[in-house]
Amino acid sequence: MVNSKIAISTAAMIAIAAAWSGPASATGLSSNVVAEVAVETSAANVIQSMADQAMNELTDQSLADDVRRKKFVSLMDRYFAMDVVSRFVLGRYWRSISEAEIEEFSVLLQNYLALNYANQFKEFNGEQFVVGDETQKNKDTFVDSQFVRPDGPPVNIVWRMRMFDDSYKIIDVSIEGLSMGITQRDEFTSVIQQNNDDVGALTAALKAKTGL
Amino acid sequence: MLTACASTEPAQDTSDYDPLEPVNRVVHGVNGAVDFMVLYPAAMWYRDIAPEPVKTSVASFVRNINEPLNSFNALLQGDPDQAAASFQRFIMNSTIGLLGFNDVASDFGIPYRREDFGQTLAHYGIGGGPYIVLPLLGPSNLRDTAGIGVDYVANPLTWGAQNSDTAEALYLGSVGLTALHYRYATINQLNELQKSSIDYYAALRSLYRQQRNKMIRNGGPSPEFAVEDESASFDFDDAVEAASK
């Protein structure tokens, strides 16, 4: 009886609904931060230029899907530390494959992400991207930003950046407190584990998804 | 497991612990089939048919019906201000908000915050324990499952439902609306996730853990996790080091 009464209020749904549709928490965003920062290469500036470039290149509705995906991949090449991200999402399994296999995996990963995310830019209509404050925590700089939608609460996005050779590269993205890198790592390592610790099973699945 | 790691810091789980995985995957599959037959079509219909104002009112009602528990758990977590805020919201929205269908308290600057007994246990340092996929309810863990039980018993509406037909009708109605609302609120994201993921079960498991961590720290900034188990965890520093080799 207890079960049937509380039955349908699925806990997962509550969790995920709160993640995506919950009201924006007060993150102290201020849109004029970018203007105040003098240094051209601040982490927030990097995010701003990436956003400008993405808005310019990806939102054109006449673009063919595969062209948009290619542009998305080259944006990732430029702004993400893909060598770090590729190893992070493999977890400790990165050790069990060769350098060439990591390179191959990295290309597959980028195309997989492009497949999942690039098309979202096609439907842009009236949304705005506002870059906010940056915070330093240990080795990383976290840049706050908000994706402001005309119909619904703003979405908080935090970019985790690290300095490599004097320039900031993105190593993780959190949307409403959920880390894409950690989610992807947990999913990918589970796929590898389910297949007797064989990374090849993951690469095969990515190939099937991306058609590469 | 529940009492083993009590400390004064709120618990934040850093990796998935899923010793019951084979059973969980079966329950996950059954839940998906039941969802596909019942809740999913209802939520799709609701998404496409119901006008925006109706959806907003239902969302307010669903939050309002949970306020006594939010208040109770905030109090247990030693946060009387938040307990008072939730209680105040409940009184305002149930009266001038017309049975909770209008969230006037938010307009007055008292924001909603969900607190449940799982979060209360976590507040006192109790970790999630083994991951559990509950029949019909979906992703949970040992701590949060215990929390659901305590919240059920503590909910004034469930006492009322034992003694009054009106309260029982209200309770059952609220359960139905809650299910419909949350399924609708997550429908686009879950569709996307199901389509894009390679292991939907593992992706949901990770998101559940992260979402609970976030609720436990009340939306505060994510702490730099201390690595508890080197063999199980692989953090960003490890990845940077790996890439530089």
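The values are calculated or read from the model by the stated rules, or taken from the named source; none is laboratory data. Note that the coordinates shown come from a computational prediction; the quantities given were computed from them, not determined experimentally. Here the Cβ positions follow ideal geometry from the backbone for every residue, glycine too, while neighbour counts run over all protein chains shown. Heavy atoms of the whole protein, side chains included, go into the accessibility calculation; ligands, DNA and RNA do not. Shrake-Rupley method; radii C 1.70, N 1.55, O 1.52, S 1.80 Å.
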So B:Gly173 ticks every box in (1) of a type outside the set (Asp, Glu); (2) surrounded by fewer than 14 Cβ atoms within 10 Å (Cβ to Cβ); (3) within 21 Å of B:Val27 (Cβ to Cβ) but one. Which box is left unticked? (3)
In region A:162-188, what residues are more than 11 Å from chain B (Cβ to nearest Cβ), touching a residue at least 40 places away in the same chain (Cβ under 8 Å), touching a strand residue (DSSP E or B) at 6+ places or on another chain (Cβ under 7 Å) and not aromatic (Phe, Trp, Tyr)? A:Ile170
Elements of type helices (runs of 4 or more DSSP H) contained in region B:71-129, each with 1 or more residues being open to solvent by 60 Å² or more (accessible area, probe 1.4 Å): B:80-95, B:104-107
For region B:54-63, does any single residue satisfy the condition of being of a type in the set (Gly, Ala, Ser), farther than 23 Å from B:Gly173 by Cβ, open to solvent by less than 70 Å² (accessible area, probe 1.4 Å) and under 20 Å from the mean Cα position of the chain (by Cα)? no
Which condition number in (1) more than 9 Å from chain A (Cβ to nearest Cβ); (2) open to solvent by less than 30 Å² (accessible area, probe 1.4 Å); (3) over 19 Å from the mean Cα position of the chain (by Cα); (4) at pLDDT 90 or above is the one that B:Gln194 fails? (2)
Boolean, B:Leu142 is open to solvent by 20 Å² or more (accessible area, probe 1.4 Å), closer than 22 Å to B:Asn31 by Cα and more than 12 Å from chain A (Cβ to nearest Cβ): yes
Looking at B:Tyr171, B:Tyr201, which one is in a helix (DSSP H, G or I) and modelled with pLDDT of 95 or more? B:Tyr201
Being free of Cβ contacts under 8 Å to residues at least 12 places away in the same chain and β-branched (Val, Ile, Thr) is the filter; apply it to region B:145-172 and report the residue that is nearest to the other protein chains (Cβ to nearest Cβ). B:Val153
Determine, yes or no, whether B:Gly219 is surrounded by fewer than 16 Cβ atoms within 10 Å (Cβ to Cβ) and either among the small types (Gly, Ala, Ser) or facing chain A (nearest Cβ under 8 Å) (or both). no
Within region A:177-202, can you find the residues that are aliphatic (A, V, I, L, M) and either more than 16 Å from B:Arg209 (Cβ to Cβ) or in a strand (DSSP E or B) (or both)? A:Leu178, A:Val191, A:Ile192, A:Val199, A:Ala201, A:Leu202
Considering only residues that are in a helix (DSSP H, G or I) and open to solvent by less than 60 Å² (accessible area, probe 1.4 Å), look in region A:75-86 and name the one that is farthest from the other protein chains (Cβ to nearest Cβ). A:Leu75
List pairs: first in region A:52-73 and hydroxyl-bearing (Ser, Thr, Tyr), second surrounded by 15 or more Cβ atoms within 10 Å (Cβ to Cβ) and assigned to a helix (DSSP H, G or I), Cβ under 6 Å, 6+ apart or cross-chain? A:Thr59/A:Phe121
Assuming B:Val175 fulfils every condition listed in (1) facing chain A (nearest Cβ under 9 Å); (2) touching a Leu at 6+ places or on another chain (Cβ under 9 Å); (3) aliphatic (A, V, I, L, M) apart from one, which condition is it? (2)
